[in-house]
Amino acid sequence: MKHRIIIIVEHFGGKLNPVTYELASFARELSTFSSLDPHLVILGDAVERYAHDIAHQTGFDVTAVEVPGLASYNAEVYINVLGELIPGLDPVYVCCAHTSQGMDFAPRLAVRLGAACITSVECLHEEGGRIRFARAIYGGKIVANVVSGTQLTVITVLPGAFPPPELENTEPGLVILSTIPSESHRSRSLETKLCRPVESVFAYARVIVSAGRGIGKKENLSLLEKLASVFPRSAVAGSRPVCDVGWLEYNRQIGLTGATVTPELYIACGVSGAVQHVAGMRDSGFVVAVNNDKHAAIFNVADVCIVEDLTTFIPLLVDECLRGSSRGDRDT
Amino acid sequence: MRILVCVKDVPAPVAGIRIDSAATWITIDKSYPFMLNRFDEFAIEEALLIKEKFPETVVEAITVGPERSALALRRTIGMGAGKGIHILVEHGGYISPFVIASMMASYAWDKGYGLILTGIMSEDHMHGQVGPVLAELLSWPCATSVVYERIQKCQLRVYAEREIEGGYRDCLDLALPAVLSIQTGINRPRYPSLSNVLRAKKAHLETIRADTLQPPDSQEHLIELTYPQKSRAGKILQGTPKEKAFQLFTILSEKAFI
């Protein structure tokens, strides 16, 4: 029997997290280098229905583990159950999403399993008979290519890095049911509560002007607001550090722990381009980046790059846009 | 209660960073100093807030790194921590989070800490692993991405809220001792006070040579560093700022954004 790539399915609030299909895509790519069988695992207290859905969508076999009383994710239970289950599945890799959930249990599960843990993987390739996992370091300015030194490796996969392919008609995989009782004694889940409004402030924005730490001070947001006002249906957004210092509300945060947006135009001002932010805007239509650091990682994901101090450049841009519009008005 | 905060020094984010000629490590523009990892500031501040609530609390900081890493400890003491422990490594190159956490666990396991706090990740290598790995090595419960915590009066349990996607929070009740990795935004880190900075300058740090803690072998290996590939055109505009502004306006008009 072939060895396996184990994929941990993520689900929340009665719904499967679509990032699971990205993990399946990652596993497919990994299996082309390594001739391993992808195999999904899902835990919870009513998971059989998800199991059939994903077995159907991916064509992979699924082990659905009923854990009585596990209504929602709990790290202690996940690590205990997976730590017991996975060794018997002939694993070579265990893949999780690089989400708050994956980041919470993957490193601990790796220790439990005696495995290396490589997080936030964006890309992989084979060289010299070994699989190299690529991950961003130094704010995204450098890529580290890493190989595992253990027989079993736990990977967290960066959301957005392995988009799932179009659905094909595949033979559904097998669903294997089991029950493993487990309770959390030392870290009890109490509740999951909604703390921020679900409605996105970006829902109707065609153009987003976003602020990174490079704007320097809160007052400089007014430059971005002026720029945004040049475009109909626009919004001002920011990276997490800008929200942390209170310059913008967290509902304006774009990134891995904030909103994911796909406006037609994204203008990033003073944004460094760290992967955590880029994950939230990488699928924007057209990206313009303004930063006075010519090595800023944002320039790798921009269509147009302006290496300038934004406090000088943005007012000039706004002037051009306003003059351009009035030229347009005169001409009509 | 005794709290240990795990801290790290990192290159300043704006520092020029280039890959060295062997493509296996980096060279950093020396005109920029190293700094305390921004994410750790939130962990330190949270420890100090707990101390304000429970005045008999002792807050200590630990770091793993070469000589220069002592700055992270001095900065932590400058904010108000009591003492710094420096696990001194010989070289300034890459150390994996598993090795870092293992050495911290070797030190901390028998020191009677009731709580260990870490930043959610470091700005340089961005693994996000030291906190959870440390917890598992110590067999302690752990919560990551914590945006709110409240130590119960009995000081035997902690209530914690984890920030998760979609604007939700996961609320947990953990037994102490525990490890919490702290997410940004949980607090506003204080600036060091003058008296604490002076104390930090003179503070005697407990220095332990890393090899005396018998660090394990690394479980993953950094094979090569490369520069990211551009995923888009990346057209760099040239000229004066005014000329660039005009060029950009032209591009945006042609694309009918204006």
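Points worth noting:
- Just one residue in the set B:Glu136, B:Glu90, B:Glu161 is within 14 Å of chain A (Cβ to nearest Cβ), among the acidic types (Asp, Glu) and over 20 Å from A:Asp244 (Cβ atoms); that residue is B:Glu136.
- Whenever a residue of region A:16-32 is polar (S, T, N, Q), its partners that are modelled with pLDDT under 95, lying with C-beta atoms within less than 6 angstrom and at least six residues away or across chains, give the pairs A:Ser25/A:Pro164.
- Lone unmet requirement of (1) in contact with a helix residue (DSSP H, G or I) (Cβ under 6 Å, 6 or more places away or on another chain); (2) facing another protein chain (nearest Cβ under 7 Å); (3) in a strand (DSSP E or B); (4) not acidic (Asp, Glu) for A:Arg112: (3)
Yes/no per residue for (1) among the small types (Gly, Ala, Ser); (2) in contact with a Ser or Thr (Cβ under 7 Å, 6 or more places away or on another chain); (3) at positive phi:
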site: A:Arg252; (1), (2), (3): no, no, no
site: A:Gly255; (1), (2), (3): yes, yes, yes
site: A:Thr262; (1), (2), (3): no, yes, no
site: A:Ala268; (1), (2), (3): yes, yes, no
site: A:Phe286; (1), (2), (3): no, no, no
site: A:Pro315; (1), (2), (3): no, no, no
site: A:Arg327; (1), (2), (3): no, no, no
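- Residues that are surrounded by fewer than 20 Cβ atoms within 10 Å (Cβ to Cβ) and in contact with a strand residue (DSSP E or B) (Cβ under 6 Å, 6 or more places away or on another chain) were ranked within region B:86-100; the one that is nearest to B:Ile28 (Cα to Cα) is B:Tyr94.
- Residues in region B:214-228 that are open to solvent by 50 Å² or more (accessible area, probe 1.4 Å), assigned to a loop (DSSP other than H, G, I, E, B) and facing another protein chain (nearest Cβ under 7 Å): B:Tyr227 alone.
- Failed item, numbered, when A:Tyr250 is tested on (1) modelled with pLDDT of 95 or more; (2) surrounded by fewer than 24 Cβ atoms within 10 Å (Cβ to Cβ): (1)
- B:Arg232 being within 14 Å of chain A (Cβ to nearest Cβ), of a type in the set (Lys, Arg) and either assigned to a loop (DSSP other than H, G, I, E, B) or more than 22 Å from the chain's Cα centre (by Cα) (or both): yes
- Residue check, A:Gly255 open to solvent by less than 10 Å² (accessible area, probe 1.4 Å), modelled with pLDDT of 95 or more and within 24 Å of B:Asn187 (Cα to Cα): no
- Answer from A:Tyr93, A:Tyr78, A:Tyr73, A:Tyr21 - the residue that is out of contact with any strand residue (DSSP E or B) (no Cβ under 8 Å at 6 or more places or on another chain) and buried (at least 18 other Cβ atoms within 10 Å of the Cβ): A:Tyr21
- Filtered residue count, region A:256-269, keeping only those that are in contact with a helix residue (DSSP H, G or I) (Cβ under 6 Å, 6 or more places away or on another chain) and within 11 Å of chain B (Cβ to nearest Cβ): 1
- Scan of region B:169-188 for residues that are surrounded by 20 or more Cβ atoms within 10 Å (Cβ to Cβ) and either of a type outside the set (Lys, Arg) or modelled with pLDDT under 95 (or both), ordered by number: B:Asp170, B:Leu172, B:Leu174, B:Pro177, B:Ala178, B:Val179, B:Leu180, B:Ser181, B:Ile182, B:Gln183, B:Thr184, B:Ile186
- Within region B:57-80, not a single residue is within 14 Å of chain A (Cβ to nearest Cβ) and buried (at least 19 other Cβ atoms within 10 Å of the Cβ).
- Condition met for B:Ala200 (modelled with pLDDT of 95 or more, more than 10 Å from chain A (Cβ to nearest Cβ) and open to solvent by less than 50 Å² (accessible area, probe 1.4 Å)): yes
- Residue satisfying condition, being farther than 21 Å from A:Ala296 by Cα and surrounded by 20 or more Cβ atoms within 10 Å (Cβ to Cβ), within set A:Val275, A:Val207: A:Val207
- Candidates A:Phe133, A:Phe105: the one that is among the aromatic types (Phe, Trp, Tyr) and within 21 Å of B:Lys230 (Cα to Cα) is A:Phe133.
- Applying the condition of being in contact (Cβ under 8 Å) with a residue 60 or more places away in the chain and open to solvent by 30 Å² or more (accessible area, probe 1.4 Å) to region A:301-331 and asking which residue is farthest from A:Ser210 (Cα to Cα) yields A:Ser325.
- Evaluation of A:His52 against (1) within 19 Å of the chain's Cα centre (by Cα); (2) assigned to a helix (DSSP H, G or I) (one fails), failing number: (1)
- Count of residues meeting criterion [in a loop (DSSP other than H, G, I, E, B), within 30 Å of B:Asp173 (Cα to Cα) and open to solvent by 50 Å² or more (accessible area, probe 1.4 Å)] in region A:143-190: 4
- Top-ranked residue in region A:55-69 [being assigned to a loop (DSSP other than H, G, I, E, B) and either more than 25 Å from the chain's Cα centre (by Cα) or without any contact (Cβ under 8 Å) to a residue 24 or more places away in the chain (or both); ranked as surrounded by the fewest Cβ atoms within 10 Å (Cβ to Cβ)]: A:Pro68
The values are calculated or read from the model by the stated rules, or taken from the named source; none is laboratory data. If you're wondering where the values come from, they're calculated on a predicted model, not measured in any experiment. Counting neighbours? That spans all protein chains shown, and the Cβs are built from the backbone with ideal geometry, glycine included. Protein only, heavy atoms only, side chains kept; ligands, DNA and RNA dropped before computing areas. Shrake-Rupley method; radii C 1.70, N 1.55, O 1.52, S 1.80 Å.
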